[in-house]
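Here's the structure, in structure tokens; my notes come after.
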């Protein structure tokens, strides 16, 4: 089974991201994730066994944690490959994130790298699938949309890949 672990971006920032991804697809044909607005905790991974230990770890983590604020301000990109909303994680949010990484890093089927570990660049993707040729047009378009939000890092969700899409497996709020 294929899984991904994310923190869903709620509120107006999440709505803007969902709408922008839809608009960018309609106007430019640029695809993005089938997940709701989010920043990644653990990139997609394959595991054929039970994830009960992950679920227990996240349940305990959520009960012992308090949410932390972060900002989403403006847009940025990774080369011409990915356009995203820029997350400005607070010190408390970064500490919470790193504690979460420590919590699940000990599981034998979870392995972090520089894209999804403690030193990741926090971001909320808008377009990421084969956009090199249309990057300038998408970049110009998204930058016409105001992007300044205060958000709360107060959840972590496990999604699993089924029926050609990501389906929510379990959400933990804190």
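For helix 11-28, report the angle its Cα long axis makes with the longest principal axis of the Cα atoms of the chain; keep it between 0 and 90° and round to the nearest 10°. Between the helix axis and the principal axis of the chain, the angle is about 50 degrees. Return the Rg/Rh value of the stretch 9-94, two decimal places, where both radii are evaluated on C-alpha atoms and Rh is the Kirkwood radius. That ratio is 1.02, to two decimals.
Largest GNM mean-square fluctuation across 122, 78, 112, computed for the chain with C-alpha springs under 10 Å, falls on 78. Using the alpha carbons alone, the radius of gyration of the stretch 44-90 stands to its Kirkwood radius in an Rg to Rh ratio of 1.16.
So between residue 133 and residue 105, what do we pick up on full extension, going 0.36 nm a residue minus the alpha carbon distance? Gain on extension, residue 133 to residue 105, equals 6.3 nm. In this structure, residue 114 and residue 27 have a Cβ-Cβ separation that, at R0 = 30 Å, corresponds to a calculated FRET efficiency of about 0.40. Using the Stokes-Einstein relation with a Kirkwood hydrodynamic radius computed over Cα pairs, the translational diffusion coefficient of the chain at 20 °C and a viscosity of 1.002 mPa s comes to 129 µm²/s.
Taking other Cβ atoms within 10 Å as a rough exposure proxy, 109, 159 sort from fewest to most as 109, 159.
Straightening the chain between residue 66 and residue 94 buys 8.8 nm, computed as 0.36 nm per residue apart minus the Cα-Cα spacing. Ratio of Rg to Rh for the stretch 63-127: 1.02 [Cα atoms; Kirkwood radius as inverse mean 1/r over pairs]. Per residue, the average separation of C-alpha pairs within less than 8 Å and at least 6 apart gives the stretch 2-173 a relative contact order of 35 percent.
Every read-out reported here was derived from the displayed coordinates using simple, explicitly stated rules and does not represent laboratory data. No experiment lies behind these values; they were computed from the predicted model shown. All Cβ positions, even for glycine, are placed from backbone atoms using ideal geometry, and neighbour counts span all protein chains on display.
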